[in-house]
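Reviewing the structure listed below.
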Amino acid sequence: MWYLAFFVVPLIVIVVYSFGYKPPATAASSIGLDRLSFDNYTNTFSDTFNRTFIATIRIAVTGTLLCLLVGFPLAYFLATRTSARWRGVLLGLVIVPFWTSFLLRTFAWRILLAANGPASEALQSIGLLDAPLRVLDTRGAVQLGVLYNYLPLMIFPLFVALDRMDPSLREASKDLGANRIATFIQVTLPLVMPGVVAGLLLVFIPLAGEYVTPAVLGGAKGLMAGGLVASQFLAALNWALGSAMAVVLILLILAVIAVFGAAGLIVRTMVRRNRRVEVATR
Amino acid sequence: MTTAAPLRRRWDWFNGLLRTYAVLLYIFLFTPILVVVIYSFNKGRFLVIWDGFGTNWYGVALENEGIQNALATSLRVAAANAVVAVVLGTMAGIALARRSGKWSRPFLVLVFLILVAPEIVDAISYLIFFVRINLGWSFARLVIGHSIFNSAVVTLIVLARLQGLDESLEEAAADLGASPWRAFRQITLPLMLPAVLAGALLAFTFSLDDVIISSFVSTSGGTTLPVYVFSALRTGMRGDLAAISTVTLAATLVALGVMVFALRRSGESVEGVVGTITGAG
């Protein structure tokens, strides 16, 4: 009941609000509902907002895949190449950044990447750069920021999946004459797929709704959809438009997950069919 | 000599490469955090330009009334939210693990929905809700907002722990003549205590760290520290922000250390500790 009252009802209210309109500033209420329309959705898909939504999805998809690419080798290393004792310590070292304040981790990059900050100075002094670094307040900075912020969230599920895998399976594959790459593709990867999917979802969903990182690192150029929603609610006080944006954001997130899920299923069935052909022609 | 061969193989180029990569990644993970800690001791007037060692920003931070108030609000909200979240989450977890009925599944789906929905969606739904019921008290808004999210986390942790426990222990207690309450107090509670403690700390630190929900539901004057820092960051980088962030970082690390220690003492495996801490069950 508690959750019902505090979560489901408000969620429905958001959907209803998204069809409302912004009342005149003199009104006491912050939403007008006596005249429902799709106006807010038309506005949401206007040029300026559209660009932000597309950018959001691009940053979120790129960020999630980067997390996977960067995180996988470390998870693999932790699960297969460390002794039990070191594993605890090294895992702890991944947990510490995860538990460090999100805000601290994000604004650290503002110091690090500042035009007159340490990275810029160092790169200039060794001659790699001939002008101060200009990364802050761009989409590039946001991309780097989200990669950094969400990396631990990707490493944990990957590690758990890799750790559960029986090492003798890999050895068996090796004994049967498979080389490293074949073992990885045909044995390891299918077995840890649930972990990969969990990691992708765990990172993608919050990343797509991200609001803090772009606000701190992105400036005006690095705006993401979460920031749009927030500004409608907290600054422009247009709750109706903000609600419509939130609904679009949720639908976009679900759509991306559906597309990737479908693509994954197609790839899987194709791989299986190929294998069957291989066996049949032999 | 035959035993040396497999040992040598473990040190081949691939392992070396993995090892180097791991080291580089750890550097990547820790450099930003260390940078904030180091620069919080920057003596200079501008945060990003290093000007020598000094603790003056700590003085500034601790004397700033806005920071003091925000920190006090943060701690009060975090504590109240942890209590509410633990009570609700533990009850829900026990109910799900021991008395499952036809409502269990929809309820569990709901719990997952809360955790999976982007936080910003949670945040605006709370805001709309509070405005609807005319609740203007910032403290109550923050506590309710945080504890909804956190009680979902606690529910899952307690549920996972209870599912891992043998129910026959409770039955044995009942057979030996213990009342249900006594069996709960003397058998179930001590066994699930690590999970409850972990949940409490998790809820506490989430609340201390949260920006999104807090900035939506709090009203001016009653904000938490992260909201204060967040809005101050948008106007400029200040040394006192780095200083106060370092202080909270130190506090969080101590809490984390205590929790890992408690979990290890209760016989949890490394993987179990990781699962509990990250809320992954």
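Could you list B:I124, B:I67 in order of exposure, starting from the residue whose Cβ has the fewest other Cβ atoms within 10 Å?
Least crowded to most crowded, the residues run B:I67, B:I124.
Counting other beta carbons within 10 Å of each Cβ, put B:F206, A:F204 in order, fewest first.
B:F206, A:F204
Using θ = phi - 60° and the Karplus form 6.51 cos²θ - 1.76 cosθ + 1.60, what ³J(HN,Hα) does each residue of the range B:81-88 get, whole Hz, x for Gly and Pro?
Residue by residue, the range B:81-88 yields 5, 5, 4, 4, 4, 5, 4, 5 Hz.
Fewest first, what order do B:I94, B:I38, B:I133 take by the number of other Cβ atoms within 10 Å?
B:I133, B:I38, B:I94
What's the FRET efficiency of B:A262 with B:L108 using the Cβ-Cβ distance as r and R₀ = 30 Å, to the nearest 0.05?
Step by step, r from the Cβ atoms, then E = 0.65.
Whole-Hz ³J(HN,Hα) for each residue in the range A:131-147, computed from phi via Karplus 6.51 cos²θ - 1.76 cosθ + 1.60 with θ = phi - 60°, x for glycine and proline: what do you get?
Along the range A:131-147, the couplings run 9, x, 5, 10, 10, 4, 6, 10, 5, x, 5, 5, 4, 5, x, 6, 4 Hz.
Tell me the relative contact order for chain B as a rounded percent, counting alpha carbon contacts under 8 Å between residues six or more apart.
With pairs under 8 Å counted, the relative contact order is 28 percent.
Once amide H atoms are placed 1.01 Å from N in the peptide plane, what residues at a sequence separation of 5 or more from B:L47, or on another chain, have their amide H within under 5 Å of its amide H?
Distant-sequence amide H within range of B:L47: B:G239.
Classify the range A:157-282 as rounded, prolate or oblate from the Cα gyration tensor: take a ≥ b ≥ c as the square roots of its eigenvalues, call it rounded if a/c is under 1.5, otherwise prolate when a/b beats b/c and oblate if not.
It is prolate, given that a/c is not under 1.5 and a/b is the larger ratio.
According to the Kirkwood expression over distinct Cα-Cα pairs, how big is the hydrodynamic radius of the range A:59-237, in Å?
18.3 Å
Which whole number of Å³ per residue matches the convex hull of the alpha-carbon atoms in chain B?
Spread over its residues, the Cα hull of chain B gives 215 Å³ apiece.
Note down the Stokes-Einstein diffusion coefficient of the range A:69-162 in µm²/s, whole number, using a Kirkwood radius over alpha carbon pairs, 10 °C, and 1.306 mPa s.
Approximately 105 µm²/s, per Stokes-Einstein.
Roughly how far apart, in whole Å, are the Cα centres of the range B:12-89 and the range B:206-247?
With the range B:12-89 and the range B:206-247 each reduced to a Cα centre, they are spaced 13 Å.
Between B:R76 and A:E171, what FRET efficiency follows from the Cβ-Cβ distance if R0 is 35 Å, with the result rounded to 0.05?
0.05
Across the range B:240-257, in residue order, what do the Karplus-derived ³J(HN,Hα) couplings come to in whole Hz, using 6.51 cos²θ - 1.76 cosθ + 1.60 with θ = phi - 60° and x for Gly and Pro?
Going residue by residue, I get 5, 5, 5, 5, 5, 5, 5, 4, 5, 4, 4, 4, 4, 5, 4, 4, 4, x Hz, with x marking Gly and Pro.
A short reminder: the numbers here are calculations on the coordinates, not readings from a lab. Remember, predicted model here, so these are calculated numbers, not experimental data. We place every Cβ from the backbone using ideal geometry, glycine too, and count neighbours over all the protein chains shown.
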